[in-house]
Amino acid sequence: MKQSDVLAGHSPGLDRERGVDYRIRTSPRARSVRLQLSAREGLTVVVPRNYDLRRIPAIVEKKRSWIEAHLRRFADLSETMDRKPVDVLPETLGLPALGESWLIEYRPTNTLQVRVIIEQPGRITVYGAVQDHDACREALKRWLHLRTREELVPWLARLAGQSGFKFSEAIIRGQKTRWASCSSKGTISLSFKLLFLERDWVRCVLLHELCHTVMMNHSPRFWALLSRIEPECRVIHKRMRDSWKQVPAWVEEN
Ligand SMILES: [Zn+2]
């Protein structure tokens with residue numbers, strides 16, 4: 001036997017002309033008429049079996065101001081919820097620059113901190129107060145910083161050696177608008193977001209900054225120098241115009 005049957009269906013909400021929209025549900029367990037309100041379905045009138053449905057409009061009308069006040073509050077609530085960005089933690093992490101893809105697992109433990117641990121290949125475990133999503137994102141970003149230091153800095157050093165450039169220091173950043181930069185003292189800054197780009201793109205960014213260690217501008221001579229080392233770079237730089245789209249949204253959130 002079915003627990004309940006939906007007898008009438010209306011879209012939830014208010015209708016000034018016709019009164020309040022509602023649906024009727026018969027419940028074998030109901031002893032009297034009950035009004036149920038939910039954000040998703042609006043008003044449901046729950047009635048006992050064999051109830052005389054003609055009595056319902058009068059009951060709803062009597063409670064009208066109470067119902068309308070609640071439905072209005074639900075409408076306001078769902079509007080503010082729509083405006084907020086979705087707060088979802090990533091479950092995967094693709095790092096094309098390193099040819100790596102990772103699964104992310106979140107394990108709550110009784111600590112206030114959040115830590116990222118690699119226990120097996122391809123699997124990132126986030127431990128600690130994982131209900132704090134901001135802390136989880138920060139921990140994952142710290143790990144991306146670390147991977148950049150471990151992988152991109154030695155790569156930069158190798159390229160420098162091969163092409164005869166020297167840089168004094170490499171620092172990792174998470175700038176919003178720059179993939180990399182080079183100071184007049186030869187300090188090269190790399191964004192950890194480079195990890196989200198294709199490998200040959202990153203190679204071009206690294207070579208570009210190395211060229212800045214001898215030429216601090218974007219003159220034709222600069223481009224000629226870069227093209228001598230890697231002829232593809234000019235084409236790749238043009239292709240990189242929309243490359244920011246490859247950075248996942250959660251990485252840009254603060
Ligand atoms: Zn440049």
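The values are calculated or read from the model by the stated rules, or taken from the named source; none is laboratory data. Remember, predicted model here, so these are calculated numbers, not experimental data. Glycine gets a Cβ as well: all are built from the backbone with ideal geometry, and neighbour counts include every protein chain shown.
Overview of values
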{"item": "Elements of type strands (runs of 3 or more DSSP E) contained in region 18-58, each with 3 or more residues being not hydrophobic (A, V, I, L, M, F, W, C)", "result": "22-26, 34-38"}
{"item": "Cβ pairs under 7 Å, 6+ apart, first in region 227-247 and in the same structural domain as Leu194 (by TED's automatic domain parsing) and closer than 12 Å to Leu197 by Cβ, second of a type in the set (D, E, K, R) and assigned to a helix (DSSP H, G or I)", "result": "Ile236/Asp200; Val247/Lys193"}
{"item": "Pairs where the first residue, in region 62-79, is in a helix (DSSP H, G or I) and the second is modelled with pLDDT of 80 or more and not aliphatic (A, V, I, L, M), C-beta under 7 Å, 6+ apart", "result": "Leu71/Gly42"}
{"item": "Top-ranked residue of region 202-254 - restricted to ones that are among the hydroxyl-bearing types (Ser, Thr, Tyr) and closer than 21 Å to Gly164 by Cβ, ranked as surrounded by the most Cβ atoms within 10 Å (Cβ to Cβ)", "result": "Thr213"}
{"item": "Among the residues listed as Leu156, Leu190, Leu194, the single one being within 28 Å of Arg241 (Cα to Cα), within 16 Å of the ligand (Cβ to nearest atom), touching a residue at least 60 places away in the same chain (Cβ under 8 Å) and assigned by TED's automatic domain parsing to the domain that holds Phe222", "result": "Leu194"}
{"item": "Checking Arg173 against (1) under 26 Å from Ser227 (Cα atoms); (2) basic (Lys, Arg); (3) within 16 Å of the ligand (Cβ to nearest atom), the condition it does not meet", "result": "(1)"}
{"item": "Conditions (1) under 23 Å from Glu150 (Cβ atoms); (2) more than 12 Å from the ligand (Cβ to nearest atom): number failed by Glu209", "result": "(2)"}
{"item": "Residue list for region 224-246, restricted to those being within 13 Å of the ligand (Cβ to nearest atom) and modelled with pLDDT of 95 or more", "result": "Leu225, Leu226"}
{"item": "Index of the failed condition, Ala97 passing every other in (1) farther than 30 Å from Arg147 by Cβ; (2) assigned to a helix (DSSP H, G or I)", "result": "(1)"}
